[in-house]
Amino acid sequence: VIYYNALFNENSGYNILKSMSQKTAIFDTALNGMLRYAPDIILLASNALSTLYPYTVFSQSAMLPVIGLIEIGVNHILSRIHKAGNSAVIIFATPLTVQEGIFRILLRQHIADARIIEIASQRLEYVIGDGDHETILRLIDQYVAGALRQIPAHIDRIYGSLHCTHFGYYQQEFLQA
C-alpha cells in the first residue's frame, strides 16, 4: 500500500480553487504521478477527490480500477435509512462535494429528495487542520443547527453522515451538537 498525497499546497486544498478546470488539472497531475509506482488499483481516500474524479482526463482512459468513496458512502447510507422507514440523512461534506450534488443524485434514485439534507461545511476541514478546537466546535454547532432546521416535521429518525476525512476526528462532537 502506497499513500500518495494529492494535496498541492499544505495551506490550502481543492475547495479553495475557483474553477473546475483548475481542480481537475491539478488532480490529473497527481493521478498521473501515481502511475510511476505501477499501482494495481487506486483508492481515492477523499470524498472531494472522488467527486472530482469523473471530470478528470485520467478517468477517460484509466488502465486500472479507480475506486472512490462516494458509492461506498451512498451504499452505507442506504443500508441504514432503508431499515428506518421514516428517516432522513444529513450529509456533512465539503463545498465541492455538495455543489456537485453527487450524493443527492445517487440517493434520490432510492429515497425521496425531502429525506436528503446536504450541508456544505465551509472552512471546517481547514479549521480542523489548524487545530483551533473552539472554532471547530462553533462551526460544528452552526452546521448541525442549520441542518436540523431543514428536517421535515414528520421525520422520526435522523442519520448524520460525515463526508470529509477530517470530520471523522470530531464524530462525537457532531453527535453532541
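Here are some notes:
- Net charge of Cβ neighbours under 11 Å - reference Leu96; Lys, Arg +1; Asp, Glu -1: -1
- Ranking Leu69, Leu7, Tyr37 by Cα position along the charge dipole of region 1-148, where only Lys, Arg, Asp and Glu carry charges on their C-beta atoms, puts Leu69 farthest toward the positive end.
- Under 15 Å, Cβ to Cβ, from Ser21 - net charge with Lys/Arg +1 and Asp/Glu -1: 0
- Restricting the calculation to alpha carbons of region 83-177 gives Rg and Dmax of 13.3, 39 angstrom.
- For the chain, the extents of the C-alpha atoms along the principal axes are 52, 38, 31 Å, listed from largest to smallest.
- Computed from point charges on the beta carbon alone (+1 for Lys and Arg, -1 for Asp and Glu), the dipole magnitude for region 121-177 about its Cα centre is near 240 Debye.
- Of the whole protein surface, Met20 contributes about 60 Å² of accessible area at a 1.4 Å probe radius.
- For Val127, neighbours were defined as the other residues whose beta-carbon sits under 10 Å from its Cβ, and their charges (Lys and Arg +1, Asp and Glu -1) total -2.
- Within the chain: Cβ-based charge dipole about Cα centre, in debye rounded to nearest 20 (Lys, Arg +1; Asp, Glu -1): 440
- DSSP beta bridge pairing in the chain, given as percent antiparallel to the nearest 5: 5
The values are calculated or read from the model by the stated rules, or taken from the named source; none is laboratory data. Quick caveat: nothing in here was measured; it's all calculated off a predicted structure. We place every Cβ from the backbone using ideal geometry, glycine too, and count neighbours over all the protein chains shown. Ligands, DNA and RNA are stripped out before the accessible areas are found, and what is left, the full protein with its side chains, is counted by its heavy atoms. Shrake-Rupley method; radii C 1.70, N 1.55, O 1.52, S 1.80 Å.
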